[in-house]
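**Q** Just passing along the structure, written as structure tokens.
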Amino acid sequence: MRKKFYGIIAPIVTPFDAEGVIDSMALQSETRYLLDTGVHGLSIGGSTGEGALLSDDELDLCIRTIQQENTEKKPLLCGIIRNSTKDAIRAGLRAREAGADGLMVTPTYYHGTDDQGNTIFFKELAGAVELPIIIYNVIDRNPVSPLLMMDLAEIEHVIGIKQSINGLHGLNAMISACGDRTLVFGAQDDLLFCSYLLGAVGAISAILTVFPELCVRQWNAVQSMDIEEARQISFRLLPVWQLIGSAGMAFPGRIKAVLELLGRQSGLSRSPVMKPSQDVIGQLRSALEKQELLP
């Protein structure tokens, strides 16, 4: 039975030890923590989980580890970040075998392609793996436009898109064009409140794994039309996210530093993603203290 993807889908960090090996116990601990906060689903192997640095075997291990802890059977997405249709299909099949409930798939990001190539990529992947696919629209050099998404939404098993580029204008255009035919998820961490008001069916973004309780509370507030509470949560989280997001695509190192400050088991990042300097960690701690977010 296919699971419903909506609401707060928290991306789990991939904790590594000093040798660059996945720390399964830390991954279990993070999984249990997130589930206990009431998130509606989980994802592994996206940007927050350093998915581009994970092999198929490592994705398999992560999925199996998470699902052992996922006694509530909440939906689990597996990120697929690969540079060819063949590699994406191979990774997707492994993810399905390991127990993923759906895939979160980036367009190819090195050579890129055009709309025809993207259509072939997602059609062949969906046909081979036969799992729900949420397109992860994050590749600036190979974007999925609203016009293209209208066509991709007709592919069997393609159920939605995670809109991570082009700001509020891009999200508005995607929901306006495609929101009546596919699921559109917010993914720009400083715009989640706005995303929900525009009609996003949920969010899949890094801030959700850092502050899952507050993000669930914000989601619930919007659903009950308590707009002021949702707005205040957005303002409270923004200064911390601005420090995390300023690292660009090296942000997993800062995410893990914040989790450590919050007393959680985040592990290390995989080289060359670095742990932030003591100066940056001090800035992160100060922001958490100012927003009264430290335990």
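The values are calculated or read from the model by the stated rules, or taken from the named source; none is laboratory data. Since the structure is predicted, the reported quantities are computational estimates derived from the model, not experimental observations. Counting neighbours? That spans all protein chains shown, and the Cβs are built from the backbone with ideal geometry, glycine included.
**Q** With the condition kept exactly as written, say whether any residue in segment 236-245 is more than 19 Å from residue 140 (Cα to Cα) and free of Cβ contacts under 8 Å to residues at least 40 places away in the same chain.
**A** No: segment 236-245 contains no residue that is more than 19 Å from residue 140 (Cα to Cα) and free of Cβ contacts under 8 Å to residues at least 40 places away in the same chain.
**Q** Could I ask something else about it? Name the residue, out of 181, 141, that is in a loop (DSSP other than H, G, I, E, B) and either touching a helix residue (DSSP H, G or I) at 6+ places or on another chain (Cβ under 8 Å) or farther than 26 Å from residue 248 by Cβ (or both).
**A** 181
**Q** Evaluate segment 153-161: report whether one residue or more is in a helix (DSSP H, G or I), of a type outside the set (Val, Ile, Thr) and buried (at least 23 other Cβ atoms within 10 Å of the Cβ).
**A** No; the residues of segment 153-161 include none that is in a helix (DSSP H, G or I), of a type outside the set (Val, Ile, Thr) and buried (at least 23 other Cβ atoms within 10 Å of the Cβ).
**Q** A follow-up question, please. Is segment 70-88 home to any residue that is among the hydroxyl-bearing types (Ser, Thr, Tyr), under 18 Å from the mean Cα position of the chain (by Cα) and at pLDDT 95 or above?
**A** no
**Q** Out of all the residues in segment 265-287, is one or more within 21 Å of residue 36 (Cα to Cα), touching a Ser or Thr at 6+ places or on another chain (Cβ under 8 Å) and surrounded by fewer than 20 Cβ atoms within 10 Å (Cβ to Cβ)?
**A** Yes, because at least one residue in segment 265-287 is within 21 Å of residue 36 (Cα to Cα), touching a Ser or Thr at 6+ places or on another chain (Cβ under 8 Å) and surrounded by fewer than 20 Cβ atoms within 10 Å (Cβ to Cβ).
**Q** I've got another one for you. Quick one: is residue 278 in contact with a helix residue (DSSP H, G or I) (Cβ under 6 Å, 6 or more places away or on another chain) and not aliphatic (A, V, I, L, M)?
**A** Judged against the criteria, residue 278 is not a match.
**Q** Which condition number in (1) buried (at least 24 other Cβ atoms within 10 Å of the Cβ); (2) more than 25 Å from residue 21 (Cβ to Cβ) is the one that residue 91 fails?
**A** Unmet for residue 91, out of (1) buried (at least 24 other Cβ atoms within 10 Å of the Cβ); (2) more than 25 Å from residue 21 (Cβ to Cβ): (2).
**Q** From the set of residues in segment 94-125 that are aliphatic (A, V, I, L, M) and over 26 Å from residue 68 (Cα atoms), which is surrounded by the most Cβ atoms within 10 Å (Cβ to Cβ)?
**A** In this case the residue turns out to be 125.
**Q** On to the next question. Go through segment 6-82 and tell me which strands (runs of 3 or more DSSP E), entirely inside it, have 3 or more residues that are on the phi > 0 side of the Ramachandran plot, surrounded by fewer than 24 Cβ atoms within 10 Å (Cβ to Cβ) and touching a residue at least 40 places away in the same chain (Cβ under 8 Å).
**A** The strands (runs of 3 or more DSSP E) meeting that bar number zero.
**Q** Is it the case that residue 46 is within 23 Å of residue 260 (Cα to Cα), among the small types (Gly, Ala, Ser) and touching a Phe, Trp or Tyr at 6+ places or on another chain (Cβ under 7 Å)?
**A** The answer is yes for residue 46.
**Q** Looking at (1) in a loop (DSSP other than H, G, I, E, B); (2) crowded, with 18+ Cβ neighbours inside 10 Å; (3) touching a strand residue (DSSP E or B) at 6+ places or on another chain (Cβ under 9 Å), which is the one condition that is false for residue 192?
**A** If we test residue 192 against (1) in a loop (DSSP other than H, G, I, E, B); (2) crowded, with 18+ Cβ neighbours inside 10 Å; (3) touching a strand residue (DSSP E or B) at 6+ places or on another chain (Cβ under 9 Å), just (1) comes out false.
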